[in-house]
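Trainee: I'd like to ask you about the structure that follows.
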Amino acid sequence: MKPILLQGHERSITQIKYNREGDLLFSVAKDTIANVWYSVNGERLGTYNGHTGAVWCVDCDWDTKNVLTGSADNSCRLWDCETGKQLALLNTNSAVRTCGFDFSGNIIMFSTDKQMGYQCFLNYFDLRDPQQIEDNQPYLSIPCSDHKITSAVWGPLGEFVIAGHENGEINQFSAKSGEILKKAKEHTKQINDIQTSVDLTMFISASKDNTAKLLDSTSLEHIKTFRTERPVNSAAISPIMDHVVMGGGQEAMEVTTTSTRIGKFEARFFHAAYEEEFGRVKGHFGPINCVAFHPDGKSYSSGGEDGYVRIHYFDPHYFDFELEA
């Protein structure tokens, strides 16, 4: 299981995303660049150039036509996936923290940070209406005055967005009316990452409170909890096995203040049903900021504070592995 090392960023990785087929892997980092790679061999296909600040989030639509990136340069940009051409530029008042296409690829959502006197907003744009893009007027803009959104994904059928907040709350924001449909407060600290299962029925939330939790997308019911000793920066659900992978470590700014034993920055595998840890993968020189499973479940990737993305292909015995109850 020798990993493929992707060296395309000079600063820490903020997010990685596979497209639906899994042949491409998108990576964004704090160095203004968005890269796209062939996931099979780690060859770089190209970059999306234009941002002037750290890029916080990336997403790709259903048929890999368009790519969406959100950045600390106060903009959300839409790109042509194949050519790298910038199709749209949406300017905001503060940094764009999360972004995503809904299932149809027609509606995009992004959330902005609470900073510099501006509050946090969740914005919805319909890409079929060029006027919205031109006037930079979302058809729906939801203010989140209390606690800013730190992570968000689209729920099933594009009806709502599941958003995690800095106080540990998880809310469902309707894409039609903008109202909060459901609330859950399972975590005690900031939610760092939310990722859905392949069929969008469940999602896993990774939090600073040292846990990751599996919840039902529609009802926000709590299903499972996975506990560790340090903050969880990212967690992903395997599409074929009952496994979740988690990446964590301290936050970058806290690394020097804690005594670190080398090799604390592993990706950790838990069994989704038994909540038991069954494996770890070493590799990164620093906290793991994001993890993602390949859509076929045969490999996974992780992006770290060290600026590297690693693609790990599982050994054959991983697929035969049974946890002894």
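Trainee: On the protein heavy atoms, probe 1.4 angstrom, tell me the percent of accessible surface of the chain carried by carbon and sulfur.
Mentor: 49
Trainee: Given charges of +1 on the Cβ of Lys and Arg and -1 on the Cβ of Asp and Glu, with all other atoms neutral, how large is the dipole of segment 3-318 about its Cα centre, in debye to the nearest 20?
Mentor: Here segment 3-318 has a charge dipole of around 640 debye.
Trainee: Taking a 1.4 Å probe, which of R227, R97 shows the most accessible area, and what order do the others take after it?
Mentor: Details: R227 160, R97 55 Å².
Order by accessible area, largest first: R227, R97.
Trainee: So what's the back-of-envelope 222 nm ellipticity for the chain, counting only DSSP H runs of four-plus at -39500 (n - 2.57) apiece and dividing by all residues, rounded to 500?
Mentor: Rounded to the nearest 500, the figure is -500 deg cm²/dmol.
Trainee: So, in nm, how far is label M241 from label T47 when the simple model puts each one 7 Å beyond its Cα toward the Cβ?
Mentor: Distance between label points: 3.5 nm.
Trainee: Hey, another quick one. Ordering V58, V281 from largest to smallest accessible area (1.4 angstrom probe), what's the sequence?
Mentor: Sorted descending by solvent-accessible area, the residues read V281, V58.
Trainee: Within the set of other residues whose C-beta is less than 14 Å from the C-beta of L25, count the net charge using Lys and Arg as +1 and Asp and Glu as -1.
Mentor: Cβ neighbours under 14 Å give a net charge of 0.
Trainee: Another question about this same structure. If you work out volume of the Cα convex hull per residue in Å³ from the coordinates, which of (i) 373; (ii) 235; (iii) 125 do you get?
Mentor: Of the labelled values, this structure produces (iii).
Trainee: Would you mind pulling out the separation of the Cα centroids of segment 86-137 and segment 170-213, in Å?
Mentor: Spelled out, the Cα-based centre of one part sits 20 Å from the other.
Trainee: I've got another one for you. Evaluate the distance, in nm, between pseudo-label points positioned 7 Å from the Cα of F103 and of N167 along their respective Cα→Cβ axes.
Mentor: It works out to 3.2 nm between the two label points.
Trainee: Here is a follow-up. Using a Förster distance of 25 angstrom, determine the FRET efficiency expected from the C-beta separation of Y313 and D63, and round it to 0.05.
Mentor: Working from the Cβ atoms, E equals 0.45.
Trainee: Placing +1 at every Lys and Arg Cβ and -1 at every Asp and Glu Cβ, with all other atoms neutral, what dipole size does segment 57-199 have around its Cα centre, in debye to the nearest 20?
Mentor: 380
Trainee: Oh, and also: For an R0 of 30 angstrom, estimate the FRET efficiency from the Cβ-Cβ distance between D320 and Q7 and round to the nearest 0.05.
Mentor: The calculated FRET efficiency here is 0.35.
Trainee: For segment 3-318, what does the accessible surface come to per residue with a 1.4 Å probe? Please give it in Å². If you can, show how the numbers build up before the last one.
Mentor: On the way: 13180 Å² over 316 residues.
That works out to 42 Å² for each residue.
Trainee: Full-extension gain between V40 and E82, please, as 0.36 nm times their residue separation minus the C-alpha to C-alpha distance.
Mentor: 13.4 nm
Trainee: Using a 7 Å offset from the Cα along the Cα-to-Cβ direction at both M116 and E179, what is the distance between the two label points in nm, to one decimal?
Mentor: Each label point is offset 7 Å from its Cα along the Cβ direction, giving 3.5 nm.
Trainee: Ok, one more. If Lys and Arg each add +1 and Asp and Glu each add -1, what is the summed charge of the other residues whose beta carbon sits under 11 Å from the beta carbon of V96?
Mentor: For residues surrounding V96, the net value is 0.
Trainee: Here's something else I'd like to know. I'd like the accessible area for I223: 1.4 Å probe, protein heavy atoms, all chains in place, Å² to the nearest 10.
Mentor: The accessible area of I223 comes to roughly 70 Å².
The values are calculated or read from the model by the stated rules, or taken from the named source; none is laboratory data. All figures in this text were calculated on a predicted structure; none of them were measured in a lab. All Cβ positions, glycine included, derive from the backbone under ideal geometry; neighbour counts span all protein chains shown. We work out accessible area using only protein heavy atoms, side chains counted, and drop any ligands, DNA or RNA first. Shrake-Rupley method; radii C 1.70, N 1.55, O 1.52, S 1.80 Å.
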